[in-house]
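The values are calculated or read from the model by the stated rules, or taken from the named source; none is laboratory data. It should be emphasised that the depicted structure is a prediction, and the values quoted were computed from it without experimental measurement. When we count neighbours, we look across all protein chains shown, and the Cβ atoms used for this are built from the backbone with ideal geometry, even at glycine.
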Amino acid sequence: MAFLEIRKLTRFFGGLAAVLELDLDVSRGKIVGLIGPNGAGKSTALNMIDGTLPSSKGEVIFDGEEITKLASYQRAQRGIGRVFQEDLLFGNFKVIENVRVGLHLQSKIGLSDIFLNTRSKHRQEKVLQEKAFDGLEFVGLAEHADELAINLPHGRQRLLSLAIALAIQPQLLLLDEPVTGMNAEEVATMLAMIRALREKKGITCIIIEHNLRAVMGLCDRIAVLNFGKKIAEGTPKEVVENPAVIEAYLGTEEDVASS
């Protein structure tokens, strides 16, 4: 049994199928890429996996549990995290305060603790602050903890988004274009961070990314969507040599050779 099993997952918008009968197995501890042309249905697929968008039909089975009907926060509680394409940050909050927001699922502070300002509240606040700082240390942002999030450059804002997603202690992390808009140094830093998620934290990852070089060098397996349908799946080498992929996504064989 795979760690994540996607069975016939489908989403219609009106009469148009954005994703049609997607089947995908993701093994624990693997990094899987989901690629395809613009409008192929990649983000829609991630939205159905994390519960942001309900599916029209099909099943999502996570760690042996059928979670298709669960809300997104319930899936987060079970260990599915998400880094969105756009950085969803509180720009006028400090960097560490943004991570604290991500820790709310772990908070055990009740209303009575807040109103009575109990010792338990202070202990919990200290624990959450330490966890937030640990998350920033992991992504290399500890020295920026007290800066405003809006003042971080793009690459560091992406790392902050990652730290927020890690606050729920995910077992599965969905990353939507994690290196888009980054310079070469920032790309290298993010790719190293994603590898560290698996090697140091044992986190399984599914990645959408248009940077083909990054995907090919990072992922164990890749699935390719085109017009909402999966047209290929395999190792990076198998995918890049697949004629259907070359035609639908990569262009000509000369384009692939020069990429």
Got a sec? Which of 217, 181 is in contact with a helix residue (DSSP H, G or I) (Cβ under 6 Å, 6 or more places away or on another chain) and either assigned to a helix (DSSP H, G or I) or not aliphatic (A, V, I, L, M) (or both)? 181
Exactly one of 11, 7, 75, 28 is part of a helix (DSSP H, G or I), closer than 24 Å to residue 225 by Cβ and among the charged types (D, E, K, R), and that residue is 75
Selection from the stretch 1-52 of residues acidic (Asp, Glu) and within 14 Å of residue 174 (Cβ to Cβ) yields 50
Residues in the stretch 171-184 that are surrounded by fewer than 22 Cβ atoms within 10 Å (Cβ to Cβ) and touching a residue at least 24 places away in the same chain (Cβ under 8 Å) total 7
Exception for residue 46 within (1) out of contact with any Lys or Arg (no Cβ under 9 Å at 6 or more places or on another chain); (2) touching a residue at least 40 places away in the same chain (Cβ under 8 Å); (3) not basic (Lys, Arg) falls at (1)
Which numbered condition in (1) within 19 Å of residue 248 (Cα to Cα); (2) not in a strand (DSSP E or B) is the only one that residue 49 fails? (1)
Going through the stretch 15-45 one residue at a time, which ones are among the hydrophobic types (A, V, I, L, M, F, W, C), within 28 Å of residue 196 (Cα to Cα) and out of contact with any Cys (no Cβ under 7 Å at 6 or more places or on another chain)? 24, 26, 34, 35, 45
Options 52, 10, 68; residue that is outside the structural domain of residue 130 (by TED's automatic domain parsing), within 16 Å of the chain's Cα centre (by Cα) and at negative phi: 52
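Looking at 128, 175, which is the one that is outside any helix (DSSP H, G or I) and either assigned by TED's automatic domain parsing to the domain that holds residue 192 or touching a helix residue (DSSP H, G or I) at 6+ places or on another chain (Cβ under 6 Å) (or both)? Before you say what the answer is, go through the steps one by one.
Details: 128 fails: outside any helix (DSSP H, G or I).
The match here is 175.
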Selection status of residue 102, outside any loop (DSSP other than H, G, I, E, B), modelled with pLDDT under 95 and over 30 Å from residue 8 (Cα atoms): yes
Taking the stretch 31-46, which residues are crowded, with 19+ Cβ neighbours inside 10 Å and in a loop (DSSP other than H, G, I, E, B)? 36, 40, 41
